[in-house]
Amino acid sequence: MIRQIKMKYMMATKAFHKLGDVSSDTPDLCQVFKMDKKYYYGHWVEGYGLNVRFPKKTTKYLTKEQVKYYKNKSVIYRSGVVHRLNIK
């Protein structure tokens with residue numbers, strides 16, 4: 001059963017879209033908002049905004065150093081809108 005969770009930022013390498021594998025070779029920032037026993041559901045922060053599944057085995061919480069690095073960084077979404085990350 002998939003359940004809604006409070007949105008959070010994490011680091012992931014593996015990601016699967018319904019059309020195939022959209023994984024990253026190196027850990028990258030993702031945003032998750034749902035979960036089940038095996039997967040987190042969300043999207044890559046930098047990318048096309050595809051809704052994907054991140055295996056829990058390859059998805060990790062941010063370290064203190066990563067939180068400090070990403071806190072209040074800005075990203076530009078595919079629509080050209082600048083968004084400030086709200087990482088705590």
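None of the figures in this text is laboratory data; all of them are computed from the coordinates on show. Not measured: the values here are computed from a predicted model. As a convention, Cβ positions derive from the backbone with ideal geometry for all residues, glycine included, and neighbour counts pool all protein chains shown.
Dipole magnitude for the chain: about 480 debye, using +1 per Lys or Arg Cβ and -1 per Asp or Glu Cβ, origin at the Cα centre.
Electrostatic bookkeeping for Lys14 treats Lys and Arg as +1 and Asp and Glu as -1; over the other residues with beta carbon under 14 Å from its beta carbon, the sum is +2.
A simple rule links phi to the HN-Hα coupling: the Karplus curve 6.51 cos²θ - 1.76 cosθ + 1.60 with θ = phi - 60°, which for region 20-26 gives x, 7, 10, 6, 10, 5, 10 Hz, with x for Gly and Pro. In region 3-61, a dipole from Cβ-located charges (positive for Lys and Arg, negative for Asp and Glu) runs towards its positive end, and of Tyr39, Pro27, Phe16 it is Tyr39 whose Cα lies farthest in that direction. In the chain, helices alone account for a calculated mean residue ellipticity at 222 nm of -2000 deg cm²/dmol, with every DSSP H run of four or more residues adding -39,500 (n - 2.57). Coupling constants for region 58-68 follow from the phi torsions by the Karplus curve (6.51 cos²θ - 1.76 cosθ + 1.60, θ = phi - 60°), and in residue order they are 10, 10, 10, 5, 5, 6, 4, 5, 5, 4, 4 Hz; glycine and proline get x. Projected onto planes of every orientation and averaged, the convex hull of the alpha-carbon atoms in the chain covers 5.9 nm². Put simply, the amide H of Ala15, placed in the peptide plane, has neighbours under 5 Å in Val22, Ser23, Ser24, leaving out anything fewer than 5 places away on its chain.
For region 22-62, the Cα gyration tensor yields ellipsoid semi-axes of 15, 12, 9 Å (square root of five times each eigenvalue, largest first, whole Å).
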